[in-house]
Each structure stands twice: as C-alpha cells, then as structure tokens.
Amino acid sequence: MKQLKASVPDTLAEALEAACAKSGRSLSAEIAHRLEVSFTPADKPSADFLQGVALMLAEIERETGAAWHEHASAHEVLTWAVQLRLNELKPKGSTAFKDRPHATIASDDPYQLASQIEFRLRRQPDFTTSGTRKLLEEEHQRSRAEMMGSPRALLDTPQQQRKPKKRGK
C-alpha cells in the first residue's frame with residue numbers, strides 16, 4: 001500500500017475526524033473509503049438523474065428565491081420535480097422483484113423497502129458498505145434458508161413464521 005502526504009484545510013480535517021468517530025474507521029480508512037466511493041462510477045442513467053436533480057436544486061432556488069431546505073414551498077417544488085423526472089424514467093414491465101441475493105429486508109413492498117433504506121442511510125450514511133449490512137444480509141439469507149426448509153413456510157407470511165408457538169400449561 002502506498003503512503004501519501006496531503007494537506008487539508010482545518011475544517012475538512014475536523015469533518016473527517018467527526019466522520020471517523022461516527023463510522024468507527026481510522027482516519028486513513030475513512031479517507032480511503034471516501035476516495036473509493038468518489039471514484040466508483042455510477043451507471044449512466046443514475047449519473048444523469050443525479051445531475052438532473054443538481055440542476056433542479058439550482059433552478060428551483062433561482063425561480064422561487066429560496067433553497068429547498070429553507071422554504072416549505074420550495075421543498076414541495078423539488079419533491080414534484082423529482083417525482084416527475086422519476087415518472088419519465090420508470091422502466092416498463094412488472095414491479096415484482098426477482099431474486100434479491102443481497103436482501104436485508106423481508107418485504108418486497110416498495111414503500112416498506114424505501115422507508116427502511118431511507119431510515120438506515122439517514123442514520124448510517126455508509127450503511128451500504130458497513131459490517132451491519134453484511135450481518136443483516138447473512139441473517140436474512142439464513143432466515144430464508146430455514147423458511148424454505150419447512151413446507152409450512154410456503155404458506156405463512158414472514159410475520160406468522162416469527163410468532164412463537166404457544167405451549168400448553
């Protein structure tokens with residue numbers, strides 16, 4: 001591994017140290033992680049979408065005179081603009097998921113998935129690459145394997161399968 005010397009402004013160094021404390025990584029590991037993420041290319045449709053959202057932010061602020069995060073109506077304009085763009089980009093076909101080999105959430109309901117993903121990433125921005133995600137993924141795979149081993153598992157919902165059996169007195 002190559003060692004590099006670099007100088008950064010004090011405010012950036014403080015932000016990196018705060019990120020280290022939150023993520024539990026060393027300063028070197030935090031810098032390497034952030035650099036790796038910044039060099040990981042997004043697929044073209046995703047990159048185009050993100051660029052479009054960045055343009056929307058600037059145009060909404062210019063048009064409304066307020067930043068989306070400072071004014072309720074500017075926020076609503078952004079919400080609508082993003083939703084309209086997503087509607088234009090929606091793929092045709094079934095909304096049912098096929099195999100989800102990296103799943104950590106049992107449900108296939110889009111709202112439940114979105115809620116969990118947003119909550120996890122808000123609380124832990126590096127969740128996607130975290131040990132926590134890896135553990136949840138392994139647990140989900142183990143749980144699915146156990147469920148598939150039982151004929152009853154094919155009939156019950158995941159909530160029913162988790163209920164403890166009542167024992168006689």
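Laid out as a table, the results:
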read-out: Extreme residue, farthest from Ser23 (Cα to Cα), among residues of the stretch 111-124 that are assigned to a helix (DSSP H, G or I) and in contact with a helix residue (DSSP H, G or I) (Cβ under 9 Å, 6 or more places away or on another chain); value: Ile117
read-out: Unique match (being surrounded by 11 or more Cβ atoms within 10 Å (Cβ to Cβ), without any contact (Cβ under 8 Å) to a residue 24 or more places away in the chain and out of contact with any Lys or Arg (no Cβ under 7 Å at 6 or more places or on another chain)) among Glu88, Glu14; value: Glu14
read-out: Cβ-Cβ under 7 Å pairs, at least 6 apart or on other chains, the stretch 138-149 side surrounded by 11 or more Cβ atoms within 10 Å (Cβ to Cβ), far side in a helix (DSSP H, G or I) and at pLDDT below 90; value: Met147/Ala153; Met147/Gln161
read-out: Residue identified as within 25 Å of Ser130 (Cα to Cα) and touching a residue at least 60 places away in the same chain (Cβ under 8 Å) among Ser23, Ser38, Ser46; value: Ser23
read-out: Every pair of residues 6+ apart whose Cβ atoms lie under 6 Å, when the first sits in the stretch 54-71 and is assigned by TED's automatic domain parsing to the domain that holds Val82 and at pLDDT 95 or above while the second is part of a loop (DSSP other than H, G, I, E, B) and among the small types (Gly, Ala, Ser); value: Glu61/Ala67
read-out: Failed item in (1) within 18 Å of the chain's Cα centre (by Cα); (2) in a helix (DSSP H, G or I), with Asp108 passing the rest; value: (2)
read-out: Qualifying positions in the stretch 26-72 - among the aromatic types (Phe, Trp, Tyr) and assigned to a helix (DSSP H, G or I); value: Phe39, Phe49
read-out: Positions within the stretch 83-103 being more than 30 Å from Ser143 (Cβ to Cβ) and in contact with a Phe, Trp or Tyr (Cβ under 9 Å, 6 or more places away or on another chain), in sequence order; value: Arg85, Leu86, Leu89
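The values are calculated or read from the model by the stated rules, or taken from the named source; none is laboratory data. Note that the structure is predicted; figures quoted are calculated from it, not measured. Note that each Cβ is placed from the backbone with ideal geometry, even for glycine, and that neighbours are counted across all protein chains shown.
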